[in-house]
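Colleague: The structure follows.
The values are calculated or read from the model by the stated rules, or taken from the named source; none is laboratory data. Worth saying up front: this structure is predicted, and the values here are computed from it rather than measured. FYI the Cβ positions are ideal-geometry reconstructions off the backbone, even for glycines, and counts take in every protein chain you see. Calculation scope for accessible area: heavy atoms of the full protein, side chains included, ligands and nucleic acids excluded. Shrake-Rupley method; radii C 1.70, N 1.55, O 1.52, S 1.80 Å.
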Amino acid sequence: MSDPKTKIRLEPVLIVLRSIWAWLSISILIIVWLPVMAITHLFDRSDPGKYRTGRQFRRLGYLMASVNPAWDIRISGNYPKSMRNPYIVVCNHQSFADIPIVSRLPWDMKWVGKDSLFNIPVLGWMMKVARDIPVKRGDRRSRAQVMIDTKERLAQKVSVMIMPEGTRSPDGRVREFNDGAFKLALKLGIPVLPIALDGSFDALPKSGWLFGAGSTIRLHVFDPIMT
């Protein structure tokens, strides 16, 4: 019979080793995916929405989530018949892990993300060619540009993902929503597609590089809300 005290002593070591493995695997995936993204983008010129390019980028996120042995991801709900009949998708935000986890959904949608992410080498370039939308927090002009860019993507028949809390939750609880996404949905007559995440807060905490000891993460897709 194993000693519980030994398990307690070994657990921090296992977390570090698993985190190193996950980050190393993610780095290799990004490097390997760079030419894949470039080739897809080359053949996706006829579509102004760059749906196939974006879909290829989400597949990278899918693989990033798959290489982490600590994550048990469970997805439920009903998928829309076609994401080219666009939605404004809204989701709560618990950690950096949310991005690859939500990327396991089998469609592309353009993400609104903080502008600093677009400056990350290689990954930032992928976000740009996938036509994701940068936003600078606290900048009114940037927020106004986000609304313009979102309207453009929707007109190109591609859904847009907005996390209306604006930033990651500090404690795992759902924070107050900003209303920009919902005002835009009402103005354009675009349905809202709600998504809920639970369990990702400890998967990759807000500060630090270590992944959690193990997480059961639930992702649920609700029925669209017509405006």
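Colleague: Identify all residues within the stretch 110-124 that are without any contact (Cβ under 8 Å) to a residue 24 or more places away in the chain and hydrophobic (A, V, I, L, M, F, W, C); write none if there are none.
Modeller: Correct list: LEU117, PHE118, ILE120.
Colleague: So in the stretch 16-50, with the set limited to residues that are open to solvent by 30 Å² or more (accessible area, probe 1.4 Å) and either of a type in the set (Gly, Ala, Ser) or in contact with a Phe, Trp or Tyr (Cβ under 9 Å, 6 or more places away or on another chain) (or both), which one is modelled with the lowest pLDDT?
Modeller: ARG18
Colleague: Sticking with this structure for a sec: Tell me whether the stretch 175-188 contains one or more residues that are modelled with pLDDT of 95 or more, under 19 Å from the mean Cα position of the chain (by Cα) and not in a helix (DSSP H, G or I).
Modeller: The answer is no, given that none of the residues of the stretch 175-188 is modelled with pLDDT of 95 or more, under 19 Å from the mean Cα position of the chain (by Cα) and not in a helix (DSSP H, G or I).
Colleague: Tell me the helices (runs of 4 or more DSSP H) entirely within the stretch 31-137 that contain at least 2 residues that are out of contact with any strand residue (DSSP E or B) (no Cβ under 9 Å at 6 or more places or on another chain), over 30 Å from PRO12 (Cα atoms) and not basic (Lys, Arg).
Modeller: Working: elements: 51-66, 98-102, 123-129.
Where helices (runs of 4 or more DSSP H) fall fully within the stretch 31-137 and carry at least 2 residues being out of contact with any strand residue (DSSP E or B) (no Cβ under 9 Å at 6 or more places or on another chain), over 30 Å from PRO12 (Cα atoms) and not basic (Lys, Arg), they are 51-66, 123-129.
Colleague: Turning to a different aspect of this structure: Would you check which residues across the stretch 132-167 are crowded, with 19+ Cβ neighbours inside 10 Å, touching a residue at least 40 places away in the same chain (Cβ under 8 Å) and in contact with a Pro (Cβ under 9 Å, 6 or more places away or on another chain) and list them?
Modeller: Hits for the stretch 132-167 are ARG153, LEU154, VAL158, SER159, VAL160.
Colleague: Could we say that ILE195 is among the hydrophobic types (A, V, I, L, M, F, W, C) and surrounded by 14 or more Cβ atoms within 10 Å (Cβ to Cβ) here? Walk me through how you get there before you give the answer.
Modeller: On the way: among the hydrophobic types (A, V, I, L, M, F, W, C): yes; surrounded by 14 or more Cβ atoms within 10 Å (Cβ to Cβ): yes.
Yes.
Colleague: Hey, can you tell me all the residues within the stretch 64-81 that are without any contact (Cβ under 8 Å) to a residue 40 or more places away in the chain and farther than 18 Å from TRP125 by Cβ? Outline the logic, then answer.
Modeller: Here is the first cut: in the stretch 64-81, the residues without any contact (Cβ under 8 Å) to a residue 40 or more places away in the chain are 64-66, 81.
Passing the criteria: ALA65, SER66, LYS81.
Colleague: Of a type in the set (Phe, Trp, Tyr), touching a Lys or Arg at 6+ places or on another chain (Cβ under 7 Å) and either surrounded by fewer than 17 Cβ atoms within 10 Å (Cβ to Cβ) or at pLDDT below 95 (or both): does that describe PHE211?
Modeller: Details: of a type in the set (Phe, Trp, Tyr): yes; touching a Lys or Arg at 6+ places or on another chain (Cβ under 7 Å): yes; either surrounded by fewer than 17 Cβ atoms within 10 Å (Cβ to Cβ) or at pLDDT below 95 (or both): yes.
Yes.
Colleague: Only one of ASP115, ASP139 is charged (D, E, K, R), at pLDDT 90 or above and farther than 25 Å from ARG218 by Cβ; which? If you could, list the steps in order and put the result at the bottom.
Modeller: Working: ASP139 fails: at pLDDT 90 or above.
Residue meeting the stated conditions: ASP115.
Colleague: Separate question: Please work out which residue is modelled with the lowest pLDDT, limiting yourself to the stretch 83-99 and to residues that are open to solvent by 20 Å² or more (accessible area, probe 1.4 Å) and out of contact with any Lys or Arg (no Cβ under 6 Å at 6 or more places or on another chain). Break it down into steps so the answer makes sense when it comes.
Modeller: Residues of the stretch 83-99 open to solvent by 20 Å² or more (accessible area, probe 1.4 Å): 84-87, 93, 96, 99.
Okay, now just the ones that are also out of contact with any Lys or Arg (no Cβ under 6 Å at 6 or more places or on another chain), so 85, 87, 96, 99.
Working: ASN85: 92, TYR87: 96, PHE96: 83, ILE99: 90.
Among them, the one singled out is PHE96.
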